[in-house]
Ligand code: SF4
Ligand code: SF4
């Protein structure tokens, strides 16, 4: 049994997680075969899936397709197919995996994906989203709706930012009414927003449990297991029930004093997406050192809730707009990300920071050298900088990454022995 | 006169290569206490800066004139050159002459650069403009107007001044003139390419990034008058549209090379922000509104401006037809993701219409082009001698 297999917790929530994801794929497959439920493509980050829920529409997440292909070692073929049609070696590999798979008819489960009733680009931060969704609309001959979310230039959105987003939400509703022939159901919308707020509450509490030592779960590797249901079922009762179960199981682990590792040695904050094609190999490199991620920025792509924000069923439109504008890592500016990481290190008592530079994703990666400079020089936090990719297996050099990780942990070990390693030290 | 115009073009190319920003320094000496505001490509509402009594300056990287010593440690692999050279200019004090720096929502790299600038150069006013990506909604112009108002307030604070609507009107008139002059030069080049080389037009246009618009207008008038006196001789060349250099700029030598290899460039997207509108910005009504509304409804297509009402690949095809071009050169900066993505649909569209095209990748910091020369020559030959 490898260190990773020992570290991986297998509780009831994992069965449930699998079932929920299969359930989603089954709904997509049904949509593909019968035309109902209507399916809408959208992005994960800071989205308004609550609005779709009000129409009984099922979300298609191209990012999840790409992720699933990558983690199942199926991404290279579609990536090559996409490059064949003109995508560059240096375009985001998520886009290439998704579009290549679409054109070749590859799906992660082998089931069918429906043609979207609407390609709905919730443009939150990443400019690649726009290109990706324009291409999806073009290649599938489907209508495109762009919801432009102003980037967070300062600490908070202005009232004009909020008004702009809300007006576009109303236009989206009109468009969906037109395309689905269904009426917008306001009560269902509020209900969806209420579900989201409950999911967010449980999810935040789970994340806060990682402040304990030992941490009951890995906020990078295990968080990804939870992210599936979070994105697909956030606005549904199934999601609420799932996250209550997950919270309960995690609390039980804490009560039993059980951590990811029997003896947790290092606590880390992770920045950047994981290398999905080498997910397990990467995790092994942490497990070897009993190093646990206690917080990660990647797990806040869909939403940043651990600092208190919740959707609000009493103000559904406003809170959905605020979620899109302010409460996800993608639409927050780069310096706000520094601050988020700094808080993680302090409040989650971490020993160090790992920056995983992903060549595909300039949203995450452009400027990570400056980030490293800030954390090492300005704050004196041990920081390791690694480079690979999130979906393209050609950019992962296992031996090199492993060597650098080992050297990093050896360094931490020495500081620990010398008594100079302080958790949460800044 | 003919010699004079040659000298003028030489001067323009000196100005655009001058990393000490002599023209900007001179302006600041002549206008004590006044501010200069640089902007990263592609577009910025220069009229607002001008109307605040400030000098807007278009930055386009440092080309091959600056060794990257520090910026690589901030922006690692897979990032375009202009982001790095701009960072390097900042870290080596080249940008000290500027009081502020504007960025906008063109791509992820440039956006993160904005905030890295904020952290590294706290003495500078650094701001990010969100230029809307959904022009289909009537709310876009309202939003952009508010964004411009915010910029106005920030500039007023910085300059301790007040911008008047009349001042903004005057600025719009001046920049409308500027755009008209540039359009006239573009039209002249398309019609009589033997009179005005693209490298010359480019230098004349880009030199305007460093001087007040009034001065630039005078220069452009001079150029118009001067080139009309030339007696050029037509060469065997193919008519091409260049697309993809909207942000990072190809080295001047590369532009020359393309021409020498036998291309008459009939349209291009160099320094596109200076030619952003398809019509004059209206001078009646509220001027901020007019600027915002023009951005949303009367702007040129570009890989950094998204408007699905008129998709860019269709617009490129339109342009090819309108200009009677025989081919398209997709001249793309290395690691420029917006250009890479758009290439896919451009290619599909051009192939569908049977229009030959050539993809060339460049870096602004490159200075040898042997491989590119061969590629262009082969391409031209394949079209000339069929
Ligand atoms: S660039 Fe990054 S955030 Fe954007 S689509 Fe690709 S992986 Fe996602
Ligand atoms: S050259 Fe392209 S990638 Fe680089 S900053 Fe400009 S638009 Fe962005």
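Hey, does the stretch B:131-153 have a residue that's more than 10 Å from chain A (Cβ to nearest Cβ), at pLDDT 95 or above and farther than 26 Å from residue B:275 by Cβ? Among the residues of the stretch B:131-153, at least one is more than 10 Å from chain A (Cβ to nearest Cβ), at pLDDT 95 or above and farther than 26 Å from residue B:275 by Cβ, which makes the answer yes. Number of residues in the stretch A:379-422 that are without any contact (Cβ under 8 Å) to a residue 40 or more places away in the chain, under 24 Å from the mean Cα position of the chain (by Cα) and within 18 Å of residue A:284 (Cβ to Cβ): the value is 3. The number of residues in the stretch B:144-158 that are within 20 Å of residue B:28 (Cβ to Cβ) and in contact with a strand residue (DSSP E or B) (Cβ under 9 Å, 6 or more places away or on another chain) comes to 4.
Annotation note: Cβ proximity below 7 Å between a residue of the stretch B:315-337 that is touching a residue at least 60 places away in the same chain (Cβ under 8 Å) and a residue that is part of a helix (DSSP H, G or I) and within 16 Å of ligand 1 (Cβ to nearest atom) (sequence gap 6+ or interchain) occurs for B:332/B:339; B:332/B:340; B:333/B:339; B:337/A:128; B:337/A:362.
Applying the condition of being assigned to a loop (DSSP other than H, G, I, E, B) and facing another protein chain (nearest Cβ under 10 Å) to the stretch A:115-133 and asking which residue is nearest to ligand 2 (Cβ to nearest atom) yields A:127. If you take the residues of the stretch A:85-100 that are more than 16 Å from ligand 2 (Cβ to nearest atom) and surrounded by 24 or more Cβ atoms within 10 Å (Cβ to Cβ), which of them is farthest from the chain's Cα centre (by Cα)? That would be A:100. In the stretch A:82-94, the residues that are at the interface with chain B (Cβ under 7 Å from one of its Cβ atoms) form Cβ pairs under 6 Å with partners that are away from ligand 2 (no atom under 16 Å from the Cβ), at six or more places apart or across chains, as follows: A:86/B:347; A:87/A:96. Screening residue B:120 on (1) under 17 Å from the mean Cα position of the chain (by Cα); (2) under 30 Å from residue B:79 (Cα atoms) shows it passes everything except condition (1). Of all residues in the stretch B:327-337, none are within 12 Å of chain A (Cβ to nearest Cβ), assigned to a helix (DSSP H, G or I) and under 30 Å from residue B:168 (Cβ atoms).
Counting the residues of the stretch B:44-85 that are touching a strand residue (DSSP E or B) at 6+ places or on another chain (Cβ under 8 Å) and either under 22 Å from residue A:370 (Cα atoms) or at pLDDT below 95 (or both) gives 6.
The rows are residues; the columns are (1) farther than 27 Å from residue B:316 by Cα; (2) at pLDDT 95 or above; (3) away from ligand 2 (no atom under 16 Å from the Cβ); (4) under 17 Å from the mean Cα position of the chain (by Cα).
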{"site": "B:185", "(1), (2), (3), (4)": "no, yes, yes, yes"}
{"site": "B:188", "(1), (2), (3), (4)": "no, yes, yes, no"}
{"site": "B:192", "(1), (2), (3), (4)": "no, no, yes, no"}
{"site": "B:211", "(1), (2), (3), (4)": "yes, yes, yes, yes"}
{"site": "B:222", "(1), (2), (3), (4)": "yes, yes, yes, no"}
{"site": "B:228", "(1), (2), (3), (4)": "yes, no, yes, no"}
{"site": "B:240", "(1), (2), (3), (4)": "no, yes, yes, no"}
{"site": "B:245", "(1), (2), (3), (4)": "no, yes, no, yes"}
{"site": "B:263", "(1), (2), (3), (4)": "no, yes, yes, no"}
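On inspection, residue B:169 fails the criterion of being within 14 Å of chain A (Cβ to nearest Cβ) and in contact with a helix residue (DSSP H, G or I) (Cβ under 7 Å, 6 or more places away or on another chain).
Taking (1) within 16 Å of ligand 2 (Cβ to nearest atom); (2) surrounded by fewer than 18 Cβ atoms within 10 Å (Cβ to Cβ); (3) part of a loop (DSSP other than H, G, I, E, B) in turn, residue B:75 satisfies each apart from (2).
Within the stretch B:281-303, at least one residue is at the interface with another protein chain (Cβ under 10 Å from one of its Cβ atoms), buried (at least 20 other Cβ atoms within 10 Å of the Cβ) and out of contact with any strand residue (DSSP E or B) (no Cβ under 6 Å at 6 or more places or on another chain). Does the stretch A:212-230 hold any residues that are out of contact with any helix residue (DSSP H, G or I) (no Cβ under 7 Å at 6 or more places or on another chain) and assigned to a helix (DSSP H, G or I), and which are they? Scanning the stretch A:212-230 gives A:222, A:224.
Only one residue in B:94, B:169 is away from ligand 1 (no atom under 16 Å from the Cβ), surrounded by fewer than 21 Cβ atoms within 10 Å (Cβ to Cβ) and in a loop (DSSP other than H, G, I, E, B). Which one? Give the steps one after another, and end with the answer.
On the way: B:169 fails: in a loop (DSSP other than H, G, I, E, B).
The unique qualifying residue is B:94.
Within the stretch B:294-310, being under 28 Å from residue B:376 (Cβ atoms) and assigned to a loop (DSSP other than H, G, I, E, B) holds for B:300, B:301, B:303, B:304.
Before we move on, is residue A:156 more than 9 Å from chain B (Cβ to nearest Cβ), at pLDDT 95 or above, surrounded by fewer than 22 Cβ atoms within 10 Å (Cβ to Cβ) and closer than 22 Å to residue A:337 by Cβ? So residue A:156 fits the description; yes. Looking at this structure, is residue B:182 closer than 30 Å to residue B:241 by Cβ, within 14 Å of another protein chain (Cβ to nearest Cβ) and either crowded, with 19+ Cβ neighbours inside 10 Å or touching a strand residue (DSSP E or B) at 6+ places or on another chain (Cβ under 8 Å) (or both)? No, not satisfied.
Residues being surrounded by 13 or more Cβ atoms within 10 Å (Cβ to Cβ) and either more than 17 Å from residue B:161 (Cβ to Cβ) or at pLDDT below 95 (or both): count how many of those fall in the stretch B:26-43.
Kept after step one, since they are surrounded by 13 or more Cβ atoms within 10 Å (Cβ to Cβ), are these residues of the stretch B:26-43: B:27-28, B:31, B:34-43.
Filter once more, so that each one left must be either more than 17 Å from residue B:161 (Cβ to Cβ) or at pLDDT below 95 (or both): B:38-43.
Residues that pass the stated criteria total 6.
Tell me yes or no: at least one residue of the stretch A:198-211 is touching a residue at least 60 places away in the same chain (Cβ under 8 Å) and assigned to a loop (DSSP other than H, G, I, E, B). So that I can check it myself, show each step before the final result.
Here is the first cut: in the stretch A:198-211, the residues touching a residue at least 60 places away in the same chain (Cβ under 8 Å) are A:200-201, A:203-204, A:207-208, A:210-211.
Subsequent filtering for residues that are assigned to a loop (DSSP other than H, G, I, E, B) retains A:210-211.
Yes, the stretch A:198-211 has at least one match.
Taking only the stretch B:338-370 into account, find how many residues are within 16 Å of ligand 2 (Cβ to nearest atom) and in contact (Cβ under 8 Å) with a residue 60 or more places away in the chain. It would help to see each step written out before you state the result.
If we filter the stretch B:338-370 for residues that are within 16 Å of ligand 2 (Cβ to nearest atom), which is where we start, we get B:338-344, B:346, B:359-366.
Next, only the ones that are in contact (Cβ under 8 Å) with a residue 60 or more places away in the chain stay: B:338-339, B:342-343, B:346, B:362-366.
Here the count works out to 10.
So which residues in the stretch B:331-349 are surrounded by fewer than 23 Cβ atoms within 10 Å (Cβ to Cβ) and over 17 Å from residue A:82 (Cα atoms), if there are any at all? Correct list: B:334 only.
Residue count for the stretch A:159-206, restricted to those that are surrounded by 17 or more Cβ atoms within 10 Å (Cβ to Cβ), in contact with a helix residue (DSSP H, G or I) (Cβ under 7 Å, 6 or more places away or on another chain) and under 19 Å from residue A:37 (Cα atoms): 4.
Does any residue of the stretch B:99-115 turn out to be more than 14 Å from ligand 2 (Cβ to nearest atom), more than 10 Å from every other protein chain (Cβ to nearest Cβ) and assigned to a loop (DSSP other than H, G, I, E, B)? Checked the stretch B:99-115: at least one residue is more than 14 Å from ligand 2 (Cβ to nearest atom), more than 10 Å from every other protein chain (Cβ to nearest Cβ) and assigned to a loop (DSSP other than H, G, I, E, B).
The values are calculated or read from the model by the stated rules, or taken from the named source; none is laboratory data. Every value quoted in this text rests on a predicted model; they were computed, and no experiment measured them. Using ideal geometry, Cβ is built from the backbone for each residue, glycine included, and neighbour counts are taken over all protein chains shown.
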